[in-house]
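The values are calculated or read from the model by the stated rules, or taken from the named source; none is laboratory data. Please read these numbers as outputs of a predicted model, since none were measured by experiment. Every residue, glycine among them, receives a Cβ derived from its backbone with ideal geometry; neighbour counts consider all protein chains shown.
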Amino acid sequence: MDISSLRFTPTKFRTGYNQQEVDRFVDLIAANLALPLAERTLHGQQVTEVCFTSTTFRAGYDVDEVDHVLATLGIRLGLPSPTEPGGHPNELRPELLWDRPDPTADASA
């Protein structure tokens, strides 16, 4: 799965993270991962320590799921980009993704 196509499980009646804040931050991470290691402005610690506005009784993203993915991406920020020697691919390995159903998949299929 490409970072730019990450989808998080939406929440409504339980605490979640503000969707727009999370989406913007993931976009920032993706942009940084495309840069050579020496040119990145975002670091792993910033990713794991970020705070989002909480949501309850309105649309949000699953807190545990977002935290898990951000921890994985925080580690990746310390690795070379795909264009550098020893670089990582721009895709997350399936074992690093949160184990969850695709929210866009048709449940009746």
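Is it true that some residue in region 6-15 is at pLDDT below 85 and either surrounded by 10 or more Cβ atoms within 10 Å (Cβ to Cβ) or in contact with a helix residue (DSSP H, G or I) (Cβ under 7 Å, 6 or more places away or on another chain) (or both)? The answer is yes; a qualifying residue exists.
Which residue is surrounded by the most Cβ atoms within 10 Å (Cβ to Cβ), if the candidates are limited to region 45-79 and must be acidic (Asp, Glu) and in contact (Cβ under 8 Å) with a residue 40 or more places away in the chain? Lay out the reasoning, then the answer.
Within region 45-79, the first condition is being acidic (Asp, Glu), and the residues that meet it are 49, 62, 64-65, 67.
Within this subset, residues satisfying the condition of being in contact (Cβ under 8 Å) with a residue 40 or more places away in the chain are 62, 65.
On the way: Asp62: 18, Glu65: 20.
Of everything passing the filter in region 45-79, Glu65 is surrounded by the most Cβ atoms within 10 Å (Cβ to Cβ).
Do we find a residue being at pLDDT 90 or above and of a type outside the set (A, V, I, L, M) anywhere in region 87-97? Looking through region 87-97, none of the residues is at pLDDT 90 or above and of a type outside the set (A, V, I, L, M). Taking the criterion of being surrounded by 12 or more Cβ atoms within 10 Å (Cβ to Cβ) and not in a helix (DSSP H, G or I), the residues of region 16-44 that qualify are Gly16, Tyr17, Asn18, Ala34, Leu35, Arg40, Leu42, His43.
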